[in-house]
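*Asks:* Here it is, the structure in full.
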Amino acid sequence: MSNSNRVVVITGGGAGIGLAIAQAFAENDDQVAILDLSQEKLDQASESHKNIHGFACDIQNETMIKETIHAVHEQLGTIDVLINNAGLQRIHTVEEFPLEDWNLVVGTILTGTFLMTKYALPDMQQSKWGRIITISSSHGRRPDMYKSAYIAAKYGQIGFTNTVAMENAQNGITANSILPGPTQTTLIQNQLSELAEEDCTTEQEALETHILGAQWMKELVQPEEIASLALFLASDGAAKITGEAIGVTSGE
Ligand SMILES: NC(=O)c1ccc[n+]([C@@H]2O[C@H](COP(=O)([O-])OP(=O)(O)OC[C@H]3O[C@@H](n4cnc5c(N)ncnc54)[C@H](O)[C@@H]3O)[C@@H](O)[C@H]2O)c1
């Protein structure tokens, strides 16, 4: 397999880390299918590069996933690379965590990763080459208060991805997780007010306590810095890296 001209599927590719990964693969002359809930984000991203193609898909919905994988295969060809990236956050203490919010977070992050992998794998097994890259989190190996659903899902993604790696080790397919530390996207920005409310502090103090406090460099990671690792893990140079969980965290 060459290190370009591949078909790459990215969930949550309409914004933040997913969009940066889409742009990196598109610049690398790969054909990139981005899946997202928001048609507006899909349209904007597709207009930003001729190699980016938008597909409206809720990755909690098995039927939509099956139809979307089929559509990507028909329009772009055999799927070579899957990036499980879509995610979201909900902030509550465990005893106040609504089941609806728990199911939304776990259903998107963990079950979405399972379903996307399940339906993308047959193409890779057929061609005896594939790369599965799961965007977990530094919260996949370290807890934080009020994020129990997110943290359960992020730990779970790593275990799931490593199982996929083991099951497909002799199929030319690798599966690895990237663990970003706090990264400059709206996902971080949107949670500061709720963290401050839970702690009875200011947003600036919440940023320090929950986000920058644990980082050695005291600098948010940039989405492009996650994208460059994803591009490497998808290359032939990374053929023997599988079942790994690699941090991009500014130190922690
Ligand atoms: N930003 C951070 O600090 C950070 C740190 C560690 C890990 N991560 C992880 O990186 C991934 C991307 O995060 P981000 O910061 O870019 O978030 P973001 O909110 O900027 O983008 C997430 C995208 O996922 C999409 N999405 C959400 N639910 C979806 C669904 N059901 N189906 C399809 N698309 C859906 C959203 O519409 C959005 O475009 C997430 O898995 C997140 O947990 C982020």
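The values are calculated or read from the model by the stated rules, or taken from the named source; none is laboratory data. All values derive from a computational prediction rather than experimental measurement. Every residue, glycine as well, gets a Cβ built from its backbone with ideal geometry; the counts of neighbours run over all protein chains shown.
*Asks:* Being surrounded by 15 or more Cβ atoms within 10 Å (Cβ to Cβ) and assigned to a helix (DSSP H, G or I) is the filter here; which residues of segment 45-56 pass it?
*Replies:* Ala45, Ser46
*Asks:* Determine whether Ser38 is farther than 13 Å from Ala120 by Cβ, surrounded by 15 or more Cβ atoms within 10 Å (Cβ to Cβ) and not aliphatic (A, V, I, L, M).
*Replies:* For Ser38, the condition - farther than 13 Å from Ala120 by Cβ, surrounded by 15 or more Cβ atoms within 10 Å (Cβ to Cβ) and not aliphatic (A, V, I, L, M) - is not met.
*Asks:* Something else: Quick one: which of Tyr150, Tyr155 is surrounded by fewer than 20 Cβ atoms within 10 Å (Cβ to Cβ) and either touching a His at 6+ places or on another chain (Cβ under 9 Å) or of a type in the set (Asp, Glu) (or both)?
*Replies:* Tyr155
*Asks:* Of all residues in segment 3-25, which are without any contact (Cβ under 8 Å) to a residue 40 or more places away in the chain and touching a helix residue (DSSP H, G or I) at 6+ places or on another chain (Cβ under 8 Å)?
*Replies:* Residue satisfying the conditions is Ala22 alone.
*Asks:* Return the pairs, sorted by first residue and then second, in which the second residue is surrounded by fewer than 17 Cβ atoms within 10 Å (Cβ to Cβ) and among the basic types (Lys, Arg), the first residue lies in segment 101-117 and is within 25 Å of Gly130 (Cβ to Cβ), the beta carbons are less than 9 Å apart, and the residues are 6+ apart or on different chains.
*Replies:* Listed pairs, sorted by first residue: Leu115/Lys66.
*Asks:* Then there's this: So which residues in segment 182-212 are within 14 Å of the ligand (Cβ to nearest atom) and free of Cβ contacts under 8 Å to residues at least 40 places away in the same chain?
*Replies:* Gln184, Ile188, Gln189, Leu192, Ala206, Leu207, Ile211, Leu212
*Asks:* What helices (runs of 4 or more DSSP H) completely inside segment 118-230 contain at least 3 residues that are in contact with a Leu (Cβ under 8 Å, 6 or more places away or on another chain)?
*Replies:* 148-167, 186-199
*Asks:* Does any residue of segment 44-54 turn out to be of a type in the set (Ser, Thr, Tyr) and within 26 Å of Asn190 (Cβ to Cβ)?
*Replies:* yes
*Asks:* Looking only at segment 98-123, count every residue that is crowded, with 16+ Cβ neighbours inside 10 Å, over 16 Å from Phe160 (Cβ atoms) and hydrophobic (A, V, I, L, M, F, W, C) and tell me the total.
*Replies:* Residues meeting the conditions: 1.
*Asks:* Examine segment 100-109 for a residue that is touching a strand residue (DSSP E or B) at 6+ places or on another chain (Cβ under 8 Å), part of a helix (DSSP H, G or I) and under 24 Å from Ala15 (Cβ atoms), and state whether such a residue exists.
*Replies:* Yes, some residue in segment 100-109 is touching a strand residue (DSSP E or B) at 6+ places or on another chain (Cβ under 8 Å), part of a helix (DSSP H, G or I) and under 24 Å from Ala15 (Cβ atoms).
*Asks:* On to the next question. Could you go through segment 92-108 and let me know if any residue there is at pLDDT 95 or above, more than 30 Å from Ser4 (Cα to Cα), touching an Asp or Glu at 6+ places or on another chain (Cβ under 9 Å) and not charged (D, E, K, R).
*Replies:* Taking every residue of segment 92-108 in turn, at least one turns out to be at pLDDT 95 or above, more than 30 Å from Ser4 (Cα to Cα), touching an Asp or Glu at 6+ places or on another chain (Cβ under 9 Å) and not charged (D, E, K, R).
*Asks:* Let me ask something else. Being touching a residue at least 12 places away in the same chain (Cβ under 8 Å) and more than 12 Å from the ligand (Cβ to nearest atom) is the requirement here; does Ala227 meet it?
*Replies:* Judged against the criteria, Ala227 is not a match.
*Asks:* From Gly172, Gly247, which residue is within 14 Å of the ligand (Cβ to nearest atom), of a type in the set (Gly, Ala, Ser) and touching a residue at least 12 places away in the same chain (Cβ under 8 Å)?
*Replies:* Gly247
*Asks:* Could I ask something else about it? Can you tell which of Ile79, Ile59 is part of a loop (DSSP other than H, G, I, E, B), more than 16 Å from the ligand (Cβ to nearest atom) and in contact with a helix residue (DSSP H, G or I) (Cβ under 8 Å, 6 or more places away or on another chain)?
*Replies:* Only one candidate qualifies: Ile79.
*Asks:* Would you pick out the residues in segment 82-94 that are part of a loop (DSSP other than H, G, I, E, B) and either more than 11 Å from the ligand (Cβ to nearest atom) or not hydrophobic (A, V, I, L, M, F, W, C) (or both)?
*Replies:* The answer is Asn85, Gly87, Gln89, Arg90, Ile91, Thr93.
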